[in-house]
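As structure tokens, the structure follows; a few thoughts come after it.
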Amino acid sequence: MENQTAIIIRKAVANDIDGIMTIEHLSFRSRVTESRKVFEDRIAAFPDGFLVAVVDRENERRIVGYISSELWVLSEDVPYSNFDLGHSVYDTHCDDGEELYISSIAVDPTVRGGQIGKKLFVSLLKMVQDKYKLKSAILLVNSDWASAYKMYQKEGFKTIAKIPDFFPVSENHNAGNALSGTGIVMRKLLRNEYGSEPW
């Protein structure tokens, strides 16, 4: 991507759905992609927690990344079913929840390497933390996504649990490149008036 290309981070709106779905299908195997309705519901239920990255230049304006999230009731032991692919945001989101669940993040493969994913991630944490009384943030990452895992570690997230066989393993992978499909639950405690431990 050219250096002069501006990337705008903004809240997603309903009309962004086609661009979001394009990124989703470019980024994930079909067995782990979310449906259009899941994303439409996420935008509607928690618009402050759904951001898109948009290329903004004279001859091109398109979505090149997104990040979505929910607010959860804070619990030391989160039910693993809360992380299920395809779950309805309306079953888990709570407007006054104190934990931010980062449900999905993806960047167009043609522009990866330009820190767009990190910009989305950092922007979401800052914007939501500034507006809501959050005590922590939580996410789930595939153990096979090493670069994403390292980024989350650098941002202060720590592994708190592992869910074996959470992600379906592609039946097409080479035997020499076996994938585990383990889901790694990571959490970051956020600074607040209650101190470092929120429970």
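The values are calculated or read from the model by the stated rules, or taken from the named source; none is laboratory data. Predicted, not measured: the structure shown is a model, and the values here were computed from it. All Cβ positions, even for glycine, are placed from backbone atoms using ideal geometry, and neighbour counts span all protein chains on display.
For segment 74-84, check the following and say yes or no: at least one residue is touching a residue at least 12 places away in the same chain (Cβ under 8 Å), closer than 25 Å to Thr110 by Cβ and under 16 Å from the mean Cα position of the chain (by Cα).
Checked segment 74-84: no residue is touching a residue at least 12 places away in the same chain (Cβ under 8 Å), closer than 25 Å to Thr110 by Cβ and under 16 Å from the mean Cα position of the chain (by Cα).
For segment 100-120, name all the residues that are part of a strand (DSSP E or B), in contact (Cβ under 8 Å) with a residue 60 or more places away in the chain and not polar (S, T, N, Q).
Result: Ala106, Val107.
Filter segment 60-91 down to residues that are of a type in the set (A, V, I, L, M) and more than 23 Å from Gln129 (Cα to Cα), then give me how many there are.
3
For the structure I just gave you, tell me whether Leu139 is hydrophobic (A, V, I, L, M, F, W, C), part of a helix (DSSP H, G or I) and surrounded by 17 or more Cβ atoms within 10 Å (Cβ to Cβ).
no
Scan segment 72-99 for residues that are polar (S, T, N, Q) and assigned to a helix (DSSP H, G or I) and report the count.
3
Just the residues that are in a helix (DSSP H, G or I), free of Cβ contacts under 8 Å to residues at least 12 places away in the same chain and more than 14 Å from Ser104 (Cα to Cα), please, taken from segment 1-45.
Residues satisfying the conditions are Asn15, Asp18, Ser30, Lys37.
Take Leu26 and decide whether it is hydrophobic (A, V, I, L, M, F, W, C), touching a Pro at 6+ places or on another chain (Cβ under 9 Å) and within 22 Å of Gly113 (Cα to Cα).
yes
Please determine, by comparing only the residues of segment 46-71 that are among the charged types (D, E, K, R) and in a strand (DSSP E or B), which one is modelled with the highest pLDDT.
Among those residues, the one meeting the criterion is Glu70.
Which residue is modelled with the lowest pLDDT, if the candidates are limited to segment 113-146 and must be small (Gly, Ala, Ser) and under 14 Å from the mean Cα position of the chain (by Cα)?
Result: Gly117.
Being over 10 Å from the mean Cα position of the chain (by Cα), crowded, with 19+ Cβ neighbours inside 10 Å and closer than 27 Å to Lys135 by Cβ is the filter here, so list the residues in segment 92-112 that pass it.
Across segment 92-112, the qualifying residues are Thr92, His93, Gly97, Glu98, Glu99, Leu100.
Against the conditions (1) within 24 Å of Ala44 (Cβ to Cβ); (2) exposed (fewer than 15 other Cβ atoms within 10 Å of the Cβ); (3) touching a residue at least 60 places away in the same chain (Cβ under 8 Å), where does Ser123 fall short? Just the number, please.
Checking Ser123 against (1) within 24 Å of Ala44 (Cβ to Cβ); (2) exposed (fewer than 15 other Cβ atoms within 10 Å of the Cβ); (3) touching a residue at least 60 places away in the same chain (Cβ under 8 Å), the one that fails is (2).
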